[in-house]
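Have a look at the structure below, then the notes.
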Amino acid sequence: MKGKVWIYRFLLIVGIGMAAGFIIRLSVDAWKYKMYALPFYYYIIFRVIEFLLPATFLIITGVILRKK
(Lines give C-alpha, C1' and ligand atoms only; values in the text may rest on other atoms or scores of the structure.)
Protein backbone atom coordinates (compact mmCIF):
# COMPACT_ATOMS: atom_id res chain seq x y z
CA MET A 1 0.00 0.00 0.00
CA LYS A 2 2.81 2.40 0.84
CA GLY A 3 4.46 1.92 -2.57
CA LYS A 4 1.22 2.77 -4.36
CA VAL A 5 1.03 6.08 -2.49
CA TRP A 6 4.40 7.11 -3.87
CA ILE A 7 3.55 5.98 -7.38
CA TYR A 8 0.42 8.09 -7.73
CA ARG A 9 2.08 11.09 -6.09
CA PHE A 10 5.03 10.76 -8.46
CA LEU A 11 2.70 10.55 -11.48
CA LEU A 12 0.74 13.61 -10.36
CA ILE A 13 3.88 15.65 -9.71
CA VAL A 14 5.42 14.73 -13.07
CA GLY A 15 2.13 15.46 -14.87
CA ILE A 16 1.79 18.87 -13.23
CA GLY A 17 5.45 19.59 -13.98
CA MET A 18 4.89 18.76 -17.65
CA ALA A 19 1.85 21.07 -17.77
CA ALA A 20 3.98 23.85 -16.27
CA GLY A 21 6.70 23.03 -18.79
CA PHE A 22 4.13 23.48 -21.56
CA ILE A 23 3.33 26.99 -20.37
CA ILE A 24 6.99 27.92 -20.01
CA ARG A 25 8.04 26.45 -23.36
CA LEU A 26 5.12 28.03 -25.22
CA SER A 27 6.00 31.40 -23.65
CA VAL A 28 9.58 31.03 -24.93
CA ASP A 29 8.25 30.07 -28.37
CA ALA A 30 6.03 33.17 -28.42
CA TRP A 31 8.96 35.36 -27.40
CA LYS A 32 11.25 33.91 -30.09
CA TYR A 33 8.55 33.68 -32.78
CA LYS A 34 9.48 35.03 -36.20
CA MET A 35 6.81 35.97 -38.71
CA TYR A 36 8.55 34.21 -41.59
CA ALA A 37 8.53 30.90 -39.75
CA LEU A 38 5.64 28.47 -39.41
CA PRO A 39 2.33 29.89 -38.23
CA PHE A 40 2.25 30.08 -34.45
CA TYR A 41 -0.60 27.60 -34.09
CA TYR A 42 1.80 24.92 -35.37
CA TYR A 43 4.01 25.62 -32.37
CA ILE A 44 0.99 25.28 -30.11
CA ILE A 45 0.02 21.95 -31.69
CA PHE A 46 3.58 20.60 -31.39
CA ARG A 47 3.82 21.62 -27.73
CA VAL A 48 0.42 20.12 -26.93
CA ILE A 49 1.59 16.80 -28.38
CA GLU A 50 4.95 17.07 -26.63
CA PHE A 51 3.76 18.16 -23.18
CA LEU A 52 0.01 18.14 -22.57
CA LEU A 53 -0.93 14.73 -23.95
CA PRO A 54 1.60 12.86 -21.77
CA ALA A 55 0.77 15.13 -18.81
CA THR A 56 -2.93 14.34 -19.18
CA PHE A 57 -2.19 10.62 -19.34
CA LEU A 58 0.00 10.79 -16.21
CA ILE A 59 -2.52 12.82 -14.22
CA ILE A 60 -5.43 10.54 -15.16
CA THR A 61 -3.35 7.46 -14.29
CA GLY A 62 -2.37 9.02 -10.96
CA VAL A 63 -5.99 9.83 -10.10
CA ILE A 64 -7.11 6.28 -11.00
CA LEU A 65 -4.36 4.76 -8.84
CA ARG A 66 -5.25 7.10 -5.99
CA LYS A 67 -8.89 5.95 -6.00
CA LYS A 68 -8.03 2.23 -5.96
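The values are calculated or read from the model by the stated rules, or taken from the named source; none is laboratory data. These numbers come from a predicted model, not from an experiment. All Cβ positions, glycine included, derive from the backbone under ideal geometry; neighbour counts span all protein chains shown. Heavy atoms of the whole protein, side chains included, go into the accessibility calculation; ligands, DNA and RNA do not. Shrake-Rupley method; radii C 1.70, N 1.55, O 1.52, S 1.80 Å.
The table below lists the values:
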read-out: Lone qualifier among Phe10, Phe22, Phe51 - being among the aromatic types (Phe, Trp, Tyr), under 17 Å from the mean Cα position of the chain (by Cα) and open to solvent by 100 Å² or more (accessible area, probe 1.4 Å); value: Phe10
read-out: Any hit, the range 25-32, residues being open to solvent by 70 Å² or more (accessible area, probe 1.4 Å) and in contact (Cβ under 8 Å) with a residue 24 or more places away in the chain; value: yes
read-out: Of all residues making up the range 33-49, the number that are of a type outside the set (Lys, Arg) and in contact (Cβ under 8 Å) with a residue 24 or more places away in the chain; value: 1
